[in-house]
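Single-structure report; data block below.
Readers should treat all values here as calculations from the given coordinates under stated rules, not as data from a laboratory. All values derive from a computational prediction rather than experimental measurement. Backbone-built Cβ (ideal geometry, glycine too); neighbour counts: all protein chains shown.
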Amino acid sequence: MCDKHVSLFFVKEDKMAKKYYSETATEVEKDLETSFANGLNDDQAKSRIEKYGYNALAAKKKKSLFMRFIDQFKDFMIIVLIVAAILSGVVAQEWTDAAIILIVVIVNAILGVFQEARSEAAIEALKEMATPSAHVKRNGAIVEISSTDLVPGDVVLLEAGDVVPADLRLINAHSLKIEESALTGESVPVEKDDHVLDGNDVALADRVNMAYSSTSVTYGRGEGIVTATGMNTEVGKIATMLNNADETDTPLKKNLNQLGKTLTIMILAICVVVFIVGILKVSPAQRNSTLMINMFLVAVSLAVAAIPEGLPAIVTIILALGTQAMAKHKAIVRKLPAVETLGATDIICSDKTGTLTQNKMTVEKVYYQNQIHDDSDKIEISNSALLSMVLANDTKIENGGNLLGDPTETSLIQYAFDQHIDVPELLEKYKRIQEVPFDSDRKLMSTVNKDGDKYYVAVKGAPDELMKRIKYISENGQIKPITDDEKKKILTTNQEMAKKALRVLGLAYKTIDKLYKDPSTDNVEQDLIFAGLVGMIDPERPEAKAAVAEAHSAGIRTVMITGDHQVTAQAIAERLGILKPGQDKRVLTGAELDKLSDEYFIKHVSDYSVYARVSPEHKVRIVKAWQQNGKIVAMTGDGVNDAPSLKQADIGIGMGITGTEVSKGASDMILADDNFATIVEAVKQGRKVFSNIQKAILYLMSCNVGEVLTVFMMTMLGWDILAPVQLLWINLVTDTLPAISLGVEPVEEGIMKRKPRGRDSNFFSGGVASSIIYQGILEGILVLGAYQIGLHVGPHVSNATLQHADALTMAFLTLGLIQLFHAINSKYIHQSIFRPHTFSNKWFNGAIIIAAIIMAAVELPFMTKLFDVTELDGPQWVVVLGAGLLIIIIVEIVKFFQRKMGKQ
């Protein structure tokens, strides 16, 4: 499409903004300068293409692969690492350190680009939903054209099976039903008509004289005038909202940024302190440029040692492992940070249709013989209620048993199948001879069927309308005139069923001796015998109620958002436990929401648990209101109408089976089984991921603090200093396998009994920061202690030079091995490690053993020169290993007192 046409999509024409549902057919014709009888001519169509553009959706400009790669380096933590690499290589001449840091940064960027490469597909999916052709009136004739060539004023013909190609004002509607759940959330097809609607604020789902682009015609036929095309359609508005949606930072990204800033402050402080103290220690006469450079190099070396250069990669690996665990539970993660974000969720805003419910109309109650029966109760094949359900029905039954047709009608046939009725045989026995099709005015449908020598008339429809035509009722097999009390009881039963969110149809019949010459409502649908009532519902998923309850126990609130009617939404919410009976004040409709100011709604959003008859704009507003209250919001959905709110939410959760490609494209995570309970399992996995990242950070940062403190104190005290190659070896051994293995720790017991940690929490929350500090200091003290003991233990006590070499070797090995012992401490932040399942993680056990062997390998004869170490004897090894055991003992004692003080 050419650029000038794309730009026109975002121009809101005055005519396109009109509310055509409140205008008569004549007014619509006049406004759009068209002819209902003849349609547009070729010249008019061409000029309108120039004015309005093609009937297609404009996509948001995408970033190139190169720019996506560059964006990965804008993260604050990554910038810190790059600066550290440059300083390490150029200033300190530690090119190995620099190379390692840069490799980690680049790998992290590649992983980020790979994850994002498959996202942002929502607009493309919206494009694909457009029907490839449309039947229109052009130049007085009916022709088939590409849907992209449609313009406002075109007259479009619709029939069952069509996808509506643009927004239309219906002029004719013959038994027309359109399935709009993907756009409005309405669970059943909408009966359409061509009547003028009163009011200027009719909700989208209630505009029965309009047909909207990308919805499906399930029944009947109709004609309409195109009122909007391309980005001006309701689907186009959703596309615009997707393009303009705010990109919210995930809690993980915010936490890593905060960590980067904290590290930067700490590193700068270390550099400044070491540099100043180093200069002040010598006399003014000795302060020269050489000293200044040497002290600067020492400061930079310490700064590099303070940076956990492997952290971004380790976090990415832990997240990737989390995605694999979630995939086993049918939760497919599209963006890595979504794993951790889900674990922080406070609110799950869930669509009803297809998410909490099955998106399939099902018979639940049948009223006949003065009693309400469950769908599982046995019904006889001769029952007049059953016969009316099956015979007054246009469902097509395929050979494979698939049912095609209106969901309400297919549910009636499925009910008969579930009752072990041979429906094809029944239809063959009662062959349809005549019919009076459904009409939205009278809201009834009738068929005349062969029944031996006579004819069986089956009727179904709206109970109120049907009761006007009921004259008789069957009682104990006898047909008798129906009384007013009996009619009143039937209507009362209808109301009671409707209050339970059941969609109720009335059923009636009669037997006639001969066919009608001209079947119509005036003869076929008169003098009827009442057969019964049938109540259908889109039922809740069997596992959804338990999932809602488990989410509640985890401190997570479930909020239902639906396009369905208020009564239906409230009833389903009560059945699921989202609402308690009588909590109708917690239900808010879209129209009521429109009347609330943003300020009031943000303040009172917690008052409402269910939203009914809402539009896509409402869903986004609800999500934003919770976010402005500091809550982390997950949004589930399966329809086109859910896409903007899925993108706005902290984590969007799409449905893999019933979900549209649009909703999947806008989601961070997709449920492969459309199972609400899978969300709860994913929350558990998300919480585990955060907990394990905390453990890895506690381990890495406390070890780095220990390293910095050791080198800093050795420098300040004038002792021998660990060589760069020794520090590098320790980092390589201890910062990789043990840290990664902490990332696959199993789920801690009781993790789903904790409250959500909230948006303001971070990786240092819950006592992690204080643990890093005291455990790092403890490591440093133990290493310095090992060094001091090393000066007085071993075979070289009489040789000061060799004794210092032994002491430095003991400090080196103590620093490395003590970190491996400390990895065991890090498995639990406050709980004791003396638990039955502490060593159940075989990956951790293997990582510690391998790392310990690699660390101790420096004592091999051919390795000692490489690392400038000496071979230690037995007593010296006892000191080294004793320091490692001491850190476990001391940390366990501290944890004990922390638990006594209430920290968990």
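Observations, loosely collected:
- Note, ³J(HN,Hα) from phi for segment 36-48, Karplus 6.51, -1.76, 1.60, rounded to Hz, x at Gly and Pro: 5, 6, 10, x, 8, 9, 4, 5, 4, 4, 5, 5, 6
- Linear extension gain, Val83 paired with Ser553, 0.36 nm per residue minus alpha-carbon span: 164.7 nm
- Calculated FRET value between Gln286 and Asp760, using beta carbons and R₀ = 51 Å, to 0.05: 0.55
- Relative contact order of the chain, pairs being alpha-carbon contacts under 8 Å that are 6 or more residues apart, as %: 12 percent
- Violating pairs (Cα-Cα greater than 23 angstrom) within the set Lys443/Lys471; Lys378/Lys454; Lys177/Lys510; Lys261/Lys624: Lys378/Lys454; Lys177/Lys510; Lys261/Lys624
- Mean separation of Cα contacts under 8 Å (6+ apart) over length of segment 694-900, as relative contact order %: 30 percent
- The equivalent ellipsoid that matches the C-alpha gyration tensor of segment 694-900 spans semi-axes of 33, 17, 15 angstrom, in descending order.
- Segment Asn523-Lys580, extension gain: residue separation times 0.36 nm, minus the distance between their alpha carbons: 15.7 nm
- Pairwise FRET efficiency - Tyr600 versus Lys360, Cβ, R0 = 60 Å, nearest 0.05: 0.95
- Remark on segment 694-763: Rg and Dmax equal 17.1, 52 Å (Cα only).
- Taking the longest Cα principal axis of the chain as reference, the axis of helix 251-280 is set at about 20 degrees.
- Pairs exceeding a 24 Å alpha-carbon distance, out of Lys684/Lys827; Lys429/Lys468; Lys647/Lys827; Lys51/Lys137; Lys450/Lys517: Lys429/Lys468; Lys647/Lys827.
- Segment 829-904-segment 448-495 distance, computed between alpha-carbon centres (Å): 83 Å
- Pairwise label distance in nanometres, Gln258 with Leu515, each label 7 Å out on the Cα-Cβ vector: 7.9 nm
- Neighbour counts of C-beta atoms inside 10 Å place Ile651, Ile537, Ile824 in the sequence Ile824, Ile537, Ile651, starting with the fewest.
- Loop chymotrypsin sites (Phe, Trp or Tyr not before Pro), segment 815-866 (other Cβ atoms within 10 Å of the site Cβ: 12 or fewer; DSSP): Phe834
- Per-residue HN-Hα couplings for segment 136-142 [Karplus 6.51, -1.76, 1.60; θ = phi - 60°; Hz; x = Gly/Pro]: 9, 8, 9, 6, x, 10, 8
- Rg/Rh, computed from the Cα trace of segment 518-648 with Rh as the Kirkwood radius, has the value 1.13.
- Only Lys, Arg (+1) and Asp, Glu (-1) charged, at Cβ; segment 694-900 dipole about Cα centre in debye: 1180 debye
- The residues Lys619, Lys647, Lys30, when put in order of fewest to most other Cβ atoms within 10 Å, stand as Lys30, Lys647, Lys619.
- Partner lysines whose Cα lies under 16 Å from the Cα of Lys595, excluding those fewer than 8 positions away in the same chain, are identified as Lys585, Lys603, Lys619.
- Percent of Cα pairs exceeding the 23 Å cut-off, where the set is segment 671-797: 50 percent
- With 0.36 nm allotted per residue and the present C-alpha distance subtracted, the Asn629-Ala672 stretch has 12.4 nm of extension available.
- Point-to-point label distance, Lys237-Glu33, nm (Cα→Cβ direction, 7 Å offset): 2.5 nm
- Gyration tensor (alpha-carbon) shape descriptor, segment 362-537, a/c threshold 1.5: rounded
- Between Ala856 and Lys450, the simple label model (points 7 Å from Cα in the Cβ direction) yields a spacing of 9.2 nm.
- Here the Karplus curve 6.51 cos²θ - 1.76 cosθ + 1.60, taken at θ = phi - 60°, turns the phi angles of segment 368-374 into couplings of 7, 6, 6, 9, 8, 10, 6 Hz, with x standing for Gly and Pro.
- Residues Phe417, Phe676, Phe763, arranged from fewest to most other Cβ atoms within 10 angstrom of their Cβ, appear as Phe417, Phe763, Phe676.
- Rounded if a/c under 1.5, otherwise prolate or oblate - segment 648-692, Cα gyration tensor axes: oblate
- All-pairs alpha carbon distance profile, the chain, 10 Å steps from 0, percent: 2, 11, 17, 17, 15, 12, 9, 7, 5, 3, 1, 0, 0
- Förster radius 56 Å - calculated FRET efficiency between Asp418 and Phe73, Cβ distance, rounded to 0.05: 0.40
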